[in-house]
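Everything below concerns the one structure shown next.
The values are calculated or read from the model by the stated rules, or taken from the named source; none is laboratory data. Quantities reported herein were computed from a predicted structural model and do not represent experimental measurements. FYI the Cβ positions are ideal-geometry reconstructions off the backbone, even for glycines, and counts take in every protein chain you see.
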Amino acid sequence: MVDLNVFQCCRFLRHIGKVMVLVVLGFVTLTAYAVISSYAPMVAHGGARAAGAFFALLFFCALVVALLWAYFAAVLVDPGRVPAGWHPFGSDEEAAAELERLEFASYRPQERLAGSGRPRFCRKCEAWKPERAHHDSITGRCVLRMDHYCVWVLNCVGLLNYKAFLLFLCYTFVACGLAAGLLAGTFVGIFRGLEAGTEDPARPAIVFVAFVIDAAFCLSLAGFLIMHARLVAANCTTIEMYEKRRTPDWPYNRGLRRNVQDVFGNSQLRWFVPTYSPEERAVLLGNALRRRLPRSDATPVGSGYGAMAP
Ligand SMILES: [Zn+2]
């Protein structure tokens, strides 16, 4: 019988993540080389197709910069931790009394569903955790509005880097689709023998691999993006998907506009930027540390860290 150690799996995932960062950068470099080496000569030689090739290259390079920015934001931004000493009660005495009650009571709040209304306590962190926060075994701590741990970004995806993660998916989807479209002609030319006499003998092989990878990523990301678009529209996380199916009246659904703002922020000008302004960040943290957001009232600006009345 195989003895599967969960903690060894977590360590394995952490090391895999380091490799995946290099894999992502390798894919980007490979595709960029294939596209630029195919279209830069057209721009240099001028002619009728030069302007089209120039703007295609410009758009592609802008997408690469955008996806790398979103990627490193998703990798480097802390997904949102529960502040030390945070509790959902009106006073420290009430929190201490509830913890004492928890130690001896028969109920186990940490096993109840998020949104049940009862404060939850993380046995691993030995701390209270807000609604929608979950313990991430790989990073070893509770993460606010945790979505999932992603080996591609070597980070847990949560409250403060979910937007960057989604933008990374979007930009990568468009960049892969554009690259596959731009390389399609060269890809077909390889089979017709049109690439036999190129200056760089490795280029046909690089274009072949880049086209296949870009087309495969584009198709697989389409399904993933549709899934996350539905989650954002419903104000639900990947972890909460199964819980939502059992909850007809989803308590976090505040309407499409507010649900989108809960992920992308209030300023539409910054929706395409993978970071939040200090004000947006304060609102997100304040909301994540509340017991329950009002559905119809204006979103209050978060007051930052600290205990909040239930
Ligand atoms: Zn925890």
* Asked: Can you tell me how many residues in the range 142-156 are away from the ligand (no atom under 16 Å from the Cβ) and either among the basic types (Lys, Arg) or assigned to a strand (DSSP E or B) (or both)?
  -> 2
* To do: Would you mind stating whether Arg290 is surrounded by 16 or more Cβ atoms within 10 Å (Cβ to Cβ), at negative phi, at pLDDT below 90 and not assigned by TED's automatic domain parsing to the domain that holds Leu67?
  => yes
* Residue among Thr247, Thr237 that alone is out of contact with any Pro (no Cβ under 7 Å at 6 or more places or on another chain), crowded, with 18+ Cβ neighbours inside 10 Å and within 30 Å of Leu144 (Cβ to Cβ) -> Thr237
* Which listed residue is among the polar types (S, T, N, Q) and at pLDDT below 95, from Thr198, Thr172 -> Thr198
* Could we say that Ala210 is out of contact with any Leu (no Cβ under 7 Å at 6 or more places or on another chain) and closer than 26 Å to Ala179 by Cβ here? -> no
* Scanning for something out of contact with any strand residue (DSSP E or B) (no Cβ under 8 Å at 6 or more places or on another chain), of a type in the set (Phe, Trp, Tyr) and at pLDDT 90 or above, does the range 103-115 turn up at least one residue? -> no
* Structure fact -> Note on Thr139: of the conditions (1) buried (at least 24 other Cβ atoms within 10 Å of the Cβ); (2) β-branched (Val, Ile, Thr); (3) within 16 Å of the ligand (Cβ to nearest atom), unmet is (1)
* Asked: Right, Gly265: surrounded by 14 or more Cβ atoms within 10 Å (Cβ to Cβ) and either in contact (Cβ under 8 Å) with a residue 40 or more places away in the chain or not assigned by TED's automatic domain parsing to the domain that holds Phe55 (or both) or not?
  -> yes
